[in-house]
Every structure is written in structure tokens, then in C-alpha cells.
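Student: Input: one structure, supplied below.
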Amino acid sequence: MLPGRAVAGPLPGRGLALRGTVWTGGAATPIDGVVVVAGDGTVAAVGPVDAVGVPADLPVLGDRGWWIGPGVIDAHAHLALAEPEQLLVGGVVGVRDLGAPRPLARAYRTGPDGPPPARPVVAVAGPVLTAPGGYPSRSWGAAGFAEFVDTPERAEQIVAGLAADGVDLIKIALEPGPGWPVPSPRVVRAVVEAAHARGLPVVAHALTVDLVGRALDAGVDELAHVPVERLPPSMVDRLAAAGIVVVSTLQTFFACGEGPTAAANAAELVRAGVRLVYGTDLGNVGTRPGVDPRELDRLAASGLGRLGALRAATEGAARVAGVAGRHGRTGRIEAGGPAVLVVLSGDPLVEPGVWWCPRVVVCDGRVVT
């Protein structure tokens with residue numbers, strides 16, 4: 001079942017209390033607790049039930065069977081191919097759009113004043129940089145989702161234009177596909193140098209061993225997916241040594257038949273200490289708006305366990321380029337900090353399926369149901 005359209009309203013003037021199993025994020029242990037949210041949208045208090053005083057006139061939402069935790073960040077989405085209005089009500093409080101035409105990217109991006117009601121914070125990459133005729137310009141990205149770069153000079157020009165547009169990061173496609181050309185090593189390096197000169201990180205779509213190596217040689221900062229060609233130990237070690245962040249997107253690979261190899265790579269990456277973060281590739285086959293418990297289970301099975309998967313989807317994903325430090329998206333619930341949290345009808349560490357339909361989302365001084 002998909003969540004319905006979000007209905008958002010301001011917090012009660014005096015705030016509210018949320019009661020249930022409380023997980024504040026990170027390494028914290030879930031407790032039987034209370035989160036008190038002040039009327040200004042900050043966390044007034046959080047802790048065990050017997051240690052937090054709840055004013056008698058404060059509305060209380062929840063019960064012992066309910067669960068309260070930080071909202072989730074989706075580090076890889078394509079909003080033009082999905083239903084953005086269903087994200088927040090589905091528990092996603094922040095999202096990175098990793099491929100959209102420039103006008104759409106400008107419209108999606110969250111400005112300095114914060115997101116509008118019932119919308120998550122959105123960071124954008126703008127169009128995907130690729131070789132002339134390369135992926136995704138001959139498939140789903142034919143209508144302005146890709147821009148062609150074939151020389152270092154062109155790389156400098158395009159990156160400068162995207163930086164002027166206000167993008168939060170740059171994405172480059174290294175996807176050979178059915179005869180698609182890919183940017184040369186010289187061009188990939190030029191894109192990275194132009195982006196880094198402007199303080200912009202670079203995320204690479206690279207699914208094969210050879211092209212992951214090309215991305216590493218150029219100095220990219222992230223991989224947009226777990227690769228689907230089996231990585232040798234030497235490549236896994238290179239990714240770990242370089243501190244590369246890898247976005248999961250495992251469920252969509254299972255939906256299109258490439259899941260087992262991607263899952264094996266994910267397990268090796270986790271064992272090597274590579275930081276894996278939650279991302280769904282929303283808009284592609286096998287995805288759905290809102291938090292996807294299937295993606296969380298794929299992350300858990302990679303060696304993170306269910307609590308580790310939640311960390312990868314909250315605090316871990318909240319630290320990715322474009323989202324880190326923006327509008328209170330920290331992946332934590334802390335006294336004095338902004339209340340950006342989700343209320344579920346059960347414990348997702350026991351039954352991840354409760355993410356299919358969150359009861360309440362609190363963020364940006366609003367209650368979303």
C-alpha cells in the first residue's frame with residue numbers, strides 16, 4: 001500500500017509529547033521513552049518515561065507499542081519519475097535528486113528558507129554528465145536529463161554552469177550499456193577537477209570493475225550505486241582506502257535481476273569498512289515513494305543488521321554531500337535540536353514492514369499525517 005497524500009498542519013502552540021519505543025539514532029539503544037516537542041519545532045526533552053516530565057496539559061500521541069525515530073534520507077532518487085508529494089508522508093525527510101533537467105532541478109531544490117509544507121529537503125545534481133550519445137540520453141534521460149561532455153574544456157564550461165545554477169553536487173555517468181560511449185579518463189578527471197574547484201563533490205554512476213576504477217582514478221567522491229559486476233578484493237580495498245561513500249540501491253537491482261551480485265559486493269564493502277548509505281534510485285523499477293523496508297532489509301543482509309541499516313538510512317545518509325547540515329536533517333533526535341522524526345505503529349527492528357505506512361512525521365515545525 002502506498003501512503004496517501006500528506007496532510008500537514010502546524011504543531012500545537014504548546015507542543016506535543018510522543019510516547020513509545022524511542023530510538024534517538026546512531027549507536028543509541030531503543031528505550032521505552034518520551035519525546036517532548038516544543039511548539040517551535042525543537043526537541044524540548046527526550047528520555048525514559050520515568051525521567052521525562054510531561055506537562056499535564058500537553059497532548060500525548062502514541063503508546064507502548066509505537067516506535068519513534070529519526071526521519072530517513074534517500075540519497076538517490078529521481079523525482080521527475082516518481083511522486084514527490086508522497087515522500088514526506090512516507091517517512092522520507094530529505095532526498096537527493098541525482099538526475100533531472102536544469103529547470104526541474106532548480107524547482108526541486110530546497111532553498112535557504114527551508115522546504116515548503118509537506119515536502120522533504122531536496123538536494124540536486126541537475127542533469128547527468130555523459131559522453132555524446134551516452135547513458136542516459138538514449139533511454140529514460142532523453143528529454144534533458146543528460147548533458148554531453150567530450151573535452152576538458154567542455155567539462156569546465158558545463159560544471160561552471162551547473163555551479164551557477166546552485167546544484168549541490170555533480171553526477172557523471174560511466175555506463176557502457178548496449179554500445180553507449182562513456183567519458184574518457186581525461187574528461188572524467190576534468191569534471192572532477194572543475195567540480196572540486198567549486199566545492200562540489202562528484203558522484204559517479206559506475207557499475208563495472210573497469211569503470212569503477214576509472215572513477216577512482218579521477219578522484220570521485222561517491223558511487224551512486226553498489227556495482228553489479230563482482231568486485232575483486234583489490235578494488236574493494238581501493239574503495240575503502242579512498243573513503244568512497246557508496247549508495248545502496250539494492251532493491252531495484254533485485255527487481256531487474258542483478259541483485260545477487262550487487263548484494264555480494266555490498267557484503268564485501270561492509271566487511272572492508274566502506275560506508276554504505278541508504279538510497280533507492282526512486283523512479284526506477286522496483287521502487288516506491290517513502291521509506292522502502294525492502295531496501296532496509298537488503299542493507300541489513302549486507303552485514304549491517306537491522307539497526308545498522310537504520311543508521312545507514314538516518315545519520316549515515318544525513319551526512320552525504322548536499323544534505324549534510326541542511327535544515328536540521330541530522331539523522332538524530334537530540335534535546336535542543338530540531339524535531340525531525342517519524343512515528344511508526346510498531347518496531348521496525350522486529351517488522352520493517354511498518355515503514356509501509358508511518359503514522360505521523362514531525363519536521364519543520366509541522367505534523368504530517
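Student: With the requirement that a residue be assigned to a helix (DSSP H, G or I) and surrounded by fewer than 20 Cβ atoms within 10 Å (Cβ to Cβ), what does the stretch 339-353 give you? Talk me through it step by step, then tell me what you get.
Tutor: First pass over the stretch 339-353, keeping only residues assigned to a helix (DSSP H, G or I): 352-353.
G353 - this is the single residue of the stretch 339-353 that is assigned to a helix (DSSP H, G or I) and surrounded by fewer than 20 Cβ atoms within 10 Å (Cβ to Cβ).
Student: I would also like to ask the following. Taking only pairs six or more apart or across chains, which ones have beta-carbon atoms under 8 Å, a first residue in the stretch 100-118 that is assigned by TED's automatic domain parsing to the domain that holds Y135 and on the phi > 0 side of the Ramachandran plot, and a second residue that is hydrophobic (A, V, I, L, M, F, W, C) and surrounded by 14 or more Cβ atoms within 10 Å (Cβ to Cβ)?
Tutor: Pairs that qualify, where the first residue is assigned by TED's automatic domain parsing to the domain that holds Y135 and on the phi > 0 side of the Ramachandran plot and the partner is hydrophobic (A, V, I, L, M, F, W, C) and surrounded by 14 or more Cβ atoms within 10 Å (Cβ to Cβ), are G114/V121; A118/A6; A118/A8; A118/L88; A118/V89; A118/V368.
Student: Residue check, R311 against (1) closer than 12 Å to P70 by Cα; (2) part of a loop (DSSP other than H, G, I, E, B); (3) in contact with a helix residue (DSSP H, G or I) (Cβ under 9 Å, 6 or more places away or on another chain), all met but one. Which one?
Tutor: Unmet condition: (2).
Student: Looking at the stretch 184-241, which of its residues are more than 24 Å from the chain's Cα centre (by Cα) and within 17 Å of A163 (Cβ to Cβ)?
Tutor: Scanning the stretch 184-241 gives A190, E193, A194, A197.
Student: Now a separate question. If you take the residues of the stretch 146-167 that are assigned to a loop (DSSP other than H, G, I, E, B) and buried (at least 24 other Cβ atoms within 10 Å of the Cβ), which of them is farthest from the chain's Cα centre (by Cα)?
Tutor: Filtering the stretch 146-167 for residues assigned to a loop (DSSP other than H, G, I, E, B) gives 149-151, 166-167.
From the residues that got through so far, the ones that are buried (at least 24 other Cβ atoms within 10 Å of the Cβ) too are 149, 167.
On the way: V149: 27, V167: 16 Å.
Among those residues, the one meeting the criterion is V149.
Student: Answer yes or no as to whether I73 is of a type outside the set (F, W, Y), in contact with a helix residue (DSSP H, G or I) (Cβ under 9 Å, 6 or more places away or on another chain) and either at pLDDT below 95 or in a strand (DSSP E or B) (or both).
Tutor: Working: of a type outside the set (F, W, Y): yes; in contact with a helix residue (DSSP H, G or I) (Cβ under 9 Å, 6 or more places away or on another chain): yes; either at pLDDT below 95 or in a strand (DSSP E or B) (or both): yes.
It is true that I73 is of a type outside the set (F, W, Y), in contact with a helix residue (DSSP H, G or I) (Cβ under 9 Å, 6 or more places away or on another chain) and either at pLDDT below 95 or in a strand (DSSP E or B) (or both).
Student: Check V291 against each of (1) within 27 Å of L231 (Cβ to Cβ); (2) assigned by TED's automatic domain parsing to the domain that holds D168 and name the one condition it does not meet.
Tutor: (1)
Student: Specify which of the listed residues (V203, V236, V209, V285) is assigned by TED's automatic domain parsing to the domain that holds Y135 and crowded, with 21+ Cβ neighbours inside 10 Å.
Tutor: On the way: V236 fails: crowded, with 21+ Cβ neighbours inside 10 Å; V209 fails: crowded, with 21+ Cβ neighbours inside 10 Å; V285 fails: crowded, with 21+ Cβ neighbours inside 10 Å.
Just one listed residue meets the conditions, V203.
Student: So, T280, is that one within 24 Å of V202 (Cα to Cα), in contact with a helix residue (DSSP H, G or I) (Cβ under 7 Å, 6 or more places away or on another chain) and of a type in the set (S, T, N, Q) or not? Steps first, answer last, please.
Tutor: Numbers: within 24 Å of V202 (Cα to Cα): yes; in contact with a helix residue (DSSP H, G or I) (Cβ under 7 Å, 6 or more places away or on another chain): yes; of a type in the set (S, T, N, Q): yes.
For T280, the condition - within 24 Å of V202 (Cα to Cα), in contact with a helix residue (DSSP H, G or I) (Cβ under 7 Å, 6 or more places away or on another chain) and of a type in the set (S, T, N, Q) - is met.
Student: To continue, here is another question. Mind listing just one residue for me: the one in the stretch 320-338 that is of a type outside the set (A, V, I, L, M) and surrounded by fewer than 18 Cβ atoms within 10 Å (Cβ to Cβ) and, of those, nearest to V124 (Cα to Cα)?
Tutor: Residues of the stretch 320-338 of a type outside the set (A, V, I, L, M): 322, 325-332, 334, 336-338.
In the following step, the residues that additionally are surrounded by fewer than 18 Cβ atoms within 10 Å (Cβ to Cβ) were identified as 325, 334, 336-337.
On the way: G325: 15, E334: 27, G336: 29, G337: 25 Å.
Filtering the stretch 320-338 for residues that are of a type outside the set (A, V, I, L, M) and surrounded by fewer than 18 Cβ atoms within 10 Å (Cβ to Cβ), the one nearest to V124 (Cα to Cα) comes out as G325.
The values are calculated or read from the model by the stated rules, or taken from the named source; none is laboratory data. Here the structure is a predicted model, which means the values were calculated and not measured. Counting neighbours? That spans all protein chains shown, and the Cβs are built from the backbone with ideal geometry, glycine included.
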